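The values are calculated or read from the model by the stated rules, or taken from the named source; none is laboratory data. Quick caveat: nothing in here was measured; it's all calculated off a predicted structure. Neighbour counts run over all protein chains shown; Cβ positions are idealised from the backbone, glycine included.
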Amino acid sequence: MRVVITGGSGFLGQVLAREVLARGRLRSGPDDAPVAVTRLVLADLAEPRYLFDLPSLAASSGVRLSVMTGDVSDASYCASLVAPGDEDGEGDDDALSIFHLGAVMSGAPPDLALKVNLHGTVNMLEAARSWREAGGGRRGRPTFVFSSAGATLGSGHPADWVGKGHTI
């Protein structure tokens, strides 16, 4: 399984990457069976300044770790994150999990926030859909996990509270 983490150079991205490498498997597919992680892609605007020794952890886990720099507001970059095959010819496209953490923070200019946060999310969703369609029916559905901040929902008013039972 290939795992892609957008925002992979940030704190949450690296903590997630460390957890994925420590577990070595993620649940996937219609039967929710554990699938071995074979490749982990950290996707972000810049190379990470590692908070943890992810390269050593990946090597000891037998997982190929790669960093792909680019902007999620670029649809071709998003497609490249999930494109089948790679430089060594080994297949890791039997299953795909995307953790979309890539975003600009509060206080960013509105145009930039719209470009990255909205269009970037749409681009990653399209990349996931295209990955499945390119499999000719032999692939299951990719897993797509979107993460956002509580600030997105607002704060300070009792009506702003959203619980785990609410649909957003």
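With the requirement that a residue be out of contact with any helix residue (DSSP H, G or I) (no Cβ under 6 Å at 6 or more places or on another chain) and touching a residue at least 60 places away in the same chain (Cβ under 8 Å), what does the range 103-126 give you? Step through it out loud before you land on a result.
Here is the first cut: in the range 103-126, the residues out of contact with any helix residue (DSSP H, G or I) (no Cβ under 6 Å at 6 or more places or on another chain) are 105, 107-122, 125-126.
120, the sole residue that qualifies.
Which of the numbered conditions does residue 59 fail, given that it passes all the others? Conditions: (1) more than 16 Å from the chain's Cα centre (by Cα); (2) modelled with pLDDT under 95.
(2)
Exactly one condition in (1) at pLDDT 90 or above; (2) within 16 Å of residue 74 (Cβ to Cβ) is false for residue 96; which is it?
(2)
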